[in-house]
């Protein structure tokens, strides 16, 4: 896809005037696309300081001027004394705000010696691509609501909680391979489930990718097994299991039923398990607090191919229990 680049051409016009032995002038310019079309509504600023420390040191000598480009893309800053000035883009029009960035000159604009016209080019470039789409139930028609959508690669992910079946991500180009991963079911009164998109995304270029997803229960890939004590007897205190993908930065929690568990909908990769033990304690005083016990399984387990159902009996050693406390925002009592 063509990479969009805007070119902000600032023509600095310095018109010296002698007023009380002080030299004054103006900076003017135009905001244009790369094809020369004027852009209206770019809010700009010039200032005679580079950072807040310089601004403080200047005191009453601080100079700031603002200008918003008109329908012809023209901006102008008047009544400027001789000094060094820095250009700043305060805001871009709505259609450029999310996906574009201004690349500003690092050197200040100065009144030239024996010259009354300076051309300065500032690029406002497309910086982000987008991935967006809709999530449907298995019929491919009904939107799937309340689903957590993640754009994931090894060791990192970004999330989007969809309430209406729509999702959108913006991304910076990289050579990593990405997947769309959904977790759902918990808010609908079911066990939490995974859904991994079939395709792997190459996001090395700027693009606007449309990707609709229809959930399917047909992927049986995953783990199943029984919770056991170190001596091989059945372990009965486990109430849920969290499985975390090491290959992709995502996790989900499933219930344990009669010391047995089953997890489907995975993709080949490496996984690790934690077991939640006993009941979760909940306290409300001046704050909300959750307290629970967890056993982290030391070993990691691998799914090698789609369709694989691997039996893993998880050994629950209570000498390795960790007590976890999580606090939420304070509750103010009235």
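The values are calculated or read from the model by the stated rules, or taken from the named source; none is laboratory data. Note that the structure is a prediction, hence the values are computed from the model and not measured. Virtual Cβ from ideal backbone geometry, glycine too; neighbours counted across all protein chains shown.
Take residue 135 and decide whether it is part of a strand (DSSP E or B), surrounded by 15 or more Cβ atoms within 10 Å (Cβ to Cβ) and at pLDDT below 75.
Values: part of a strand (DSSP E or B): yes; surrounded by 15 or more Cβ atoms within 10 Å (Cβ to Cβ): yes; at pLDDT below 75: no.
Considered against the rule, which asks whether it is part of a strand (DSSP E or B), surrounded by 15 or more Cβ atoms within 10 Å (Cβ to Cβ) and at pLDDT below 75, residue 135 comes out as no.
Take the conditions in contact with a strand residue (DSSP E or B) (Cβ under 9 Å, 6 or more places away or on another chain), part of a strand (DSSP E or B) and modelled with pLDDT of 75 or more and apply them to residue 66. Does it pass?
On the way: in contact with a strand residue (DSSP E or B) (Cβ under 9 Å, 6 or more places away or on another chain): yes; part of a strand (DSSP E or B): yes; modelled with pLDDT of 75 or more: yes.
So residue 66 passes the test.
Starting from region 21-38, keep only residues that are closer than 15 Å to residue 69 by Cα, then list their pairs with residues that are exposed (fewer than 13 other Cβ atoms within 10 Å of the Cβ) and at pLDDT 70 or above whose Cβ atoms are within a distance under 6 Å, requiring at least 6 positions of separation or different chains.
So the pair list comes out as 38/72.
Yes/no matrix, rows are residues, columns are (1) within 24 Å of residue 169 (Cβ to Cβ); (2) at pLDDT below 85:
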| position | (1), (2) |
| --- | --- |
| 79 | no, yes |
| 85 | no, no |
| 90 | no, no |
| 98 | yes, yes |
| 105 | no, yes |
| 118 | no, yes |
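What do you reckon, is residue 31 part of a strand (DSSP E or B), modelled with pLDDT under 85 and buried (at least 16 other Cβ atoms within 10 Å of the Cβ)?
Considered against the rule, which asks whether it is part of a strand (DSSP E or B), modelled with pLDDT under 85 and buried (at least 16 other Cβ atoms within 10 Å of the Cβ), residue 31 comes out as yes.
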